[in-house]
1. Could you line up Lys74, Lys137 from fewest to most neighbouring Cβ atoms inside 10 Å?
2. By its C-alpha gyration tensor, with a ≥ b ≥ c as the square roots of the eigenvalues, how is the range 54-107 shaped: rounded for a/c under 1.5, else prolate for a/b larger than b/c, else oblate?
3. With 27 Å as the cut-off, how large is the P(r) tail for the range 8-144, expressed as percent of Cα-Cα pairs?
4. Give me, ordered by chain and number, the residues 5 or more places off Ser146 or on other chains with an amide H under 5 Å from its own placed amide H.
5. Taking amide hydrogens as modeled 1.01 Å from N in the peptide plane, which residues meet the under 5 Å criterion relative to Leu51, leaving out close sequence neighbours?
6. Using θ = phi - 60° and the Karplus curve 6.51 cos²θ - 1.76 cosθ + 1.60, what whole-Hz ³J(HN,Hα) does each residue of the range 136-147 get, with Gly and Pro shown as x?
7. Expected output is a single nm value to one decimal: the length gained when fully extending between Thr18 and His116, i.e. 0.36 nm times separation in residues minus the C-alpha distance. What is it?
Amino acid sequence: MSSQSEDGDCTERGAHPTHVDFALAGDDGCIAQARDQATGFLTRLRDKHGLDVSPYTVGMTQLIVSELVTNALKYAPGPVLMELRVTGPRVEIVVRDSNPIMPSAHPTDPDRVGRHGLEIVRAVAQDLDIQRQPVGKRVTARIALSGVPAAGTADRDAR
């Protein structure tokens, strides 16, 4: 299954009931489209495949997608790939880019404007995994598919 947006910058590369991936190319409109694609993916899982997808999961997935795609488009040259997939009781948001520099959270600074994306993702994801790839890196965030995760159960260490 393949489709392309009106502006041609975001292309759905493949789809399966529990997995979808997209190529995103440098346009800020792709951030909104990536969020919309995430919402559509989770809605299809719920409505067509009967999976229990909570409103919390939809909102937090949109937030994670927005932060990860924004960072990738801002700091990496070339295309960005996004995958959404269900693995057991969780949804995985995977963003790949061509920048080999590993992201790091900045120390807390109430005067800092911006650059909070990784902090936000760590705060809401159950798990965050960052791995260097032969070209660039892969950032994977995981969140519960249904319900609201209990406080203190998240593994937030980036690898």
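Every number here is computed from the coordinates shown, using simple stated rules; none is lab data. All figures in this text were calculated on a predicted structure; none of them were measured in a lab. Cβ coordinates were reconstructed from backbone atoms using ideal geometry, including for glycine residues, and neighbour counts include every protein chain displayed.
1. Placing the least packed residue first, the sequence is Lys74, Lys137.
2. It is prolate, given that a/c is not under 1.5 and a/b is the larger ratio.
3. Pairs farther apart than 27 Å: 16 percent.
4. Ser54
5. When sequence neighbours closer than 5 places are left aside, the close amide H contacts are Arg46.
6. x, 8, 10, 10, 10, 10, 10, 9, 4, 6, 10, x
7. 32.3 nm
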